[in-house]
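Chemist: Right, I'll just put the structure down here and ask away after.
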Amino acid sequence: MQFNYTKRLKELRLANSYSQAEIAYILCIRQEQYSKYESGTRELPLHLLIKLCTIYKVSADYVLGLNPKQK
């Protein structure tokens with residue numbers, strides 16, 4: 001099973017009016033590194049997925065595409 005979370009990461013970031021640089025700052029990583037997660041050229045680590053779910057107030061299932069609705 002392949003998870004396509006990259007599109008959802010971008011959708012959530014834009015819906016919450018964040019730039020990649022702002023999210024990267026919150027996650028304590030470089031913007032270039034976050035850009036790779038969002039583009040799918042680098043796999044998102046679990047600890048960052050958890051932080052992003054907290055920031056956006058959504059479940060990991062939603063980010064991973066297992067649940068089509070936000071909770």
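Chemist: Go through segment 56-70 and report how many residues are under 15 Å from residue 16 (Cα atoms) and open to solvent by 40 Å² or more (accessible area, probe 1.4 Å). Show your work before the answer.
Modeler: Going residue by residue through segment 56-70, those that are under 15 Å from residue 16 (Cα atoms) are 56-58, 63, 70.
If we keep only those that are open to solvent by 40 Å² or more (accessible area, probe 1.4 Å) too, we end up with 57, 70.
Total satisfying the criteria: 2.
Chemist: Being modelled with pLDDT under 95 and among the aromatic types (Phe, Trp, Tyr) is the filter; apply it to segment 2-36 and report the residue that is farthest from residue 59 (Cα to Cα).
Modeler: Looking at residues that are modelled with pLDDT under 95 and among the aromatic types (Phe, Trp, Tyr), I get 3.
Chemist: Sort out which residues of segment 45-67 are part of a loop (DSSP other than H, G, I, E, B) and in contact with a Lys or Arg (Cβ under 9 Å, 6 or more places away or on another chain), and write them in order of number.
Modeler: The initial filter retains those residues of segment 45-67 that are part of a loop (DSSP other than H, G, I, E, B), namely 45, 57-59, 65-67.
Correct list: 57, 58, 59, 65.
Chemist: Tell me which residues, restricted to segment 3-31, are part of a loop (DSSP other than H, G, I, E, B) and either open to solvent by 50 Å² or more (accessible area, probe 1.4 Å) or farther than 14 Å from residue 42 by Cβ (or both).
Modeler: Kept after step one, since they are part of a loop (DSSP other than H, G, I, E, B), are these residues of segment 3-31: 3-5, 16-19, 28-30.
Within segment 3-31, 3, 4, 16, 17, 18, 19, 28, 30 qualify.
Chemist: Quick one: residue 39 ticks every box in (1) surrounded by 14 or more Cβ atoms within 10 Å (Cβ to Cβ); (2) at pLDDT below 95; (3) touching a helix residue (DSSP H, G or I) at 6+ places or on another chain (Cβ under 7 Å) bar one, so which box is it?
Modeler: The number of the failed condition is (1).
Chemist: Could you pull out the residue among 50, 55, 26 that is touching a helix residue (DSSP H, G or I) at 6+ places or on another chain (Cβ under 9 Å), of a type outside the set (Phe, Trp, Tyr), free of Cβ contacts under 8 Å to residues at least 24 places away in the same chain and at negative phi? Even if it seems obvious, please write down each step before you answer.
Modeler: Working: 55 fails: free of Cβ contacts under 8 Å to residues at least 24 places away in the same chain; 26 fails: free of Cβ contacts under 8 Å to residues at least 24 places away in the same chain.
Of the residues listed, the single one that is touching a helix residue (DSSP H, G or I) at 6+ places or on another chain (Cβ under 9 Å), of a type outside the set (Phe, Trp, Tyr), free of Cβ contacts under 8 Å to residues at least 24 places away in the same chain and at negative phi is 50.
The values are calculated or read from the model by the stated rules, or taken from the named source; none is laboratory data. These figures come from a predicted structure and were not determined experimentally. With ideal geometry, Cβ positions are generated from the backbone for all residues, glycine too; neighbour counts draw on all protein chains shown. Accessible surface is based on the protein model in full, side chains and every heavy atom, while ligands, DNA and RNA are left aside. Shrake-Rupley method; radii C 1.70, N 1.55, O 1.52, S 1.80 Å.
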